[in-house]
Amino acid sequence: MFKRLLIANRGEIACRIMRSCRRLGVETVAVHSSADVTSRHVAEADYSVAIGEASASDSYLRADRIIAAALASGAQAIHPGYGFLSEKLDLIDACQANGITFVGPNRRAINTMGSKIESKRMARAAGVLCVPGYDEDDQSPQRLLDEAQRIGFPLLIKASGGGGGKGMRRVNGAADFLTLLALARREALASFGDERVLLEKYIVNPRHLEVQLMGDRLGGLVHLFERECSIQRRFQKVIEEAPANHLPTAVANSLYESALRIGRAMNYDNAGTVEFVLDADQGDRPYFLEVNTRLQVEHAVTEMTTGIDLVEWQLRSACGEPLPMKQDAITRQGWSIECRLNAEEPEHDYRASLGPLLGYAEPARLAGVRIDSGLHAQSEVTPHYDSMLAKVIGFGHSRTQAIGHVRAGLEQLRIEGVRTNGALLLQILRLPAFDEVLTTRFLEQHFPDGPHAEVDVRRQHVLAVAAAWAASQVVAAPVWSALRGMRLTAPAGHGARIELRMRDVSAASDNEAVRLLSADGGYELFGAPGLRAAAKLGTDGCVVRLTQTGQDTVSVHVRRSEQQRWFSWAQGRSMVWDVEHELEHSLHAGSAESREAHLSATLPGCISEVMLQAGQRVVAGDPVLTLEAMKLYHTLAAPLTGLVQKVHVTVGDIVSHGQLLVEFEPQAVDTAAQ
């Protein structure tokens, strides 16, 4: 076994690899960008090396700097994790040239499977059925358009060199093909350095399943069964589980055999995943999709059901050891479900949620729950990297028990300061349709606009934030204490009340009037009898305990992040609020300047395209800027019809949330010309 291992990655996967290394007695070296100096993976490593600036292209994607860090730290091997350089030949070649062991499969496997085009050719040669499409060398727009019309619509454009939904677009008709092709190629080039694409027939009701492979350098190869990854948004996985629910045994066996056939064809010798798409309308007929020549994000559900540490097996294989178990000895028990907790706002088209954490706490000793995270209380979510913050994994003897455990994990993993998709994940797990056959259309069918409204939950947060606001106010000493010889003997006629204006920023709602009433040392909301709050201020915020007759107590964590901005978290759900006293609001309302003629950044990121200039006329809804954040492109539209007064940004500018981008001069719409 290696004495010292460098982990060429960051965040939760770096911390996950370190966990296995500590158990095996292997020293770890963390690498970090300037944005990750104080990150958790750096703190948990035995050694750390700085490798560049915040941008991944200046740090984690620099193979030369990774190798230099390994040589300087005395690391004998490099584990790439997933993403970044995990499937890049630059790193494996540099390792070989410098006598460093690469913890991953052989070069030929990475080279062939790194291209979706080449992988499909190999799969067909191995006798594995592939999705009908086009993957030839002629990449001219006209040839691709001709092939698209031959395949028929809808279809998928997919980046040859990528994954994770980047460089992938669904096309519903020929009129949109060239526009979406250009966008897919641009994303592919930015993410993978390869703008080649392939075309695939779009299966209307697809299931997404994958088989875990593990090989050694002595010719051993086994599968570790399947995982279901059908619940996705924008082709990125959201929830994974093992085993797959409602999967016929004959189909499962055909997946295992096809995966092994492909693995043998490329002499596979480490961890890898063969992915398939199943046509739910054709009896789960399976088609080969791609091979990921690395550890997968969702490897944890396989570990939980087989009891096998996949990272340990990777390290042993890289050392030249045989696989610890033969195929017949590998079994699985129970059920495991993993939820990806992302820094995003599903209510607003999954836009990124960025900024410093105000608080972080993992559940302690929660049975059947595993948390894989790269966060600590001082973490900051930046636009430079992927949006995934943590993985919450539940395990149980049955699927029902696994669901209960993963729900408990989501409700008790406290992340304050940035918003997450926690509410959506909890609603998915409770939905009756989650027990049916899952397809990749699950979210668009059941959650087309993000999480469903939860009126009771919202009312709890309103009361909690209002109570925290009231408890935080500095109150002067009562006048009665200065009046000597005076005593009040009659009871007060009415309880105290506070009139507030609150705006649910997380839901982009308007201001609403809230009346907070005092009630026996606590607070109530006017119009919500029976729901009571007790606020306890601490040095790091306020914890509000809510009680209602016949229901369990709910604790809401509330923190003030700015002058009027408040953040609330309870049971996996988070909200953002602006709070003002009614009098303060009335004073501001008359002098507030209208911002309708301005376009501001809806999230931090980098300006990648400017589609307008001063003096140009625009129509409301016209695309005017493209903003890149967390490896995804977001198009910003003109808020009104009028003339462009001033453009405040250029391509390459890094902008913060709320920063002014463009000023417009409104113009009346000429209805006669329409």
Open item on the list: Just to verify a result, which residue in the stretch 498-552, among those that are hydroxyl-bearing (Ser, Thr, Tyr) and touching a residue at least 40 places away in the same chain (Cβ under 8 Å), is surrounded by the fewest Cβ atoms within 10 Å (Cβ to Cβ)?
Closed with: 506
Open item on the list: Return the residues of the stretch 598-627 that are over 28 Å from the mean Cα position of the chain (by Cα) and either assigned to a loop (DSSP other than H, G, I, E, B) or modelled with pLDDT under 90 (or both); say none if nothing qualifies.
Closed with: 598, 611, 612, 613, 614, 615, 616, 619, 620, 622
- [ ] Under 6 Å between Cβ atoms, at least 6 apart or on separate chains: pull out the pairs that start in the stretch 569-596 with a residue that is not assigned by TED's automatic domain parsing to the domain that holds residue 509 and crowded, with 17+ Cβ neighbours inside 10 Å and end on any residue that is part of a helix (DSSP H, G or I) and at pLDDT below 90.
- [x] none
Open item on the list: Any residue that is part of a strand (DSSP E or B), modelled with pLDDT of 90 or more and over 18 Å from residue 347 (Cα atoms) - is there at least one of those in the stretch 580-597?
Closed with: no
Open item on the list: Residue under question is residue 244, and the condition is that it be aliphatic (A, V, I, L, M), free of Cβ contacts under 8 Å to residues at least 40 places away in the same chain and either over 18 Å from residue 428 (Cβ atoms) or surrounded by fewer than 17 Cβ atoms within 10 Å (Cβ to Cβ) (or both); does it hold?
Closed with: no
Open item on the list: Restricting to the stretch 259-283, give me the number of residues that are in contact with a Gly (Cβ under 9 Å, 6 or more places away or on another chain) and of a type in the set (Phe, Trp, Tyr).
Closed with: 1
Open item on the list: Kindly evaluate residue 417 against the criterion of being on the phi > 0 side of the Ramachandran plot, touching a residue at least 40 places away in the same chain (Cβ under 8 Å) and touching a Leu at 6+ places or on another chain (Cβ under 8 Å).
Closed with: yes
Task: Within the stretch 193-209, considering residues that are closer than 14 Å to residue 284 by Cβ and under 24 Å from the mean Cα position of the chain (by Cα), the one surrounded by the most Cβ atoms within 10 Å (Cβ to Cβ) - done: 209
Open item on the list: One residue is enough: does the stretch 63-82 have a residue meeting the conditions without any contact (Cβ under 8 Å) to a residue 12 or more places away in the chain and surrounded by 19 or more Cβ atoms within 10 Å (Cβ to Cβ)?
Closed with: no
TODO: Look at the stretch 34-57 and say how many of its residues are over 23 Å from residue 316 (Cα atoms) and buried (at least 23 other Cβ atoms within 10 Å of the Cβ).
DONE: 3
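The values are calculated or read from the model by the stated rules, or taken from the named source; none is laboratory data. Keep in mind the model is a prediction, meaning the values are calculated, not measured. Heads up, the Cβs are rebuilt from the backbone with ideal geometry, glycines too, and the neighbour counts pull from every protein chain shown.
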